[in-house]
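Since every read-out is calculated from the coordinates, none of them should be taken as a lab result. Fair warning: this is a prediction, and the values are worked out from it, not measured in the lab. Because the Cβ atoms are built from the backbone with ideal geometry, glycine has one as well, and the counts that use them run over all protein chains shown.
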Amino acid sequence: MKTRVILACTVLLASELVGQGYKPTSGYVPDSRTAVRIAEAVLIPVYGERQIEAERPFTASLKNGIWTVTGTLRCPDGKGGTTTSCDGGVAEVRISKNDAQIIYMLHGK
């Protein structure tokens, strides 16, 4: 009987440990590079690869456990080149550092 109780407790404990899975100590989105890659992966199917590629480089900043990833706006400068000092909008994605959940996604106009 004692062996059965020990075996049952071992099985229950093992099933609890397996069910929880692995969680990285620094979260699933540990750095800005990872945040940008995730953002691009969710933006491209929605807004198109050409649009998202035009907004590179993307920058990511972390505040209160949330990564905010934004694109770079470029407009014609009137001299044959481009400038980032202009009116318009870019893609923005907010991602949870802890579990990689997409919290917010928008493309400004």
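General remarks:
- Some residue of the stretch 18-34 being under 9 Å from the mean Cα position of the chain (by Cα) and crowded, with 17+ Cβ neighbours inside 10 Å: yes
- The sole residue among 91, 100 that is in contact (Cβ under 8 Å) with a residue 60 or more places away in the chain and surrounded by 11 or more Cβ atoms within 10 Å (Cβ to Cβ) is 100.
- Filter result (surrounded by 11 or more Cβ atoms within 10 Å (Cβ to Cβ) and not in a strand (DSSP E or B)) within the stretch 52-83: 52, 53, 54, 55, 56, 58, 65, 71, 72, 73, 74, 77
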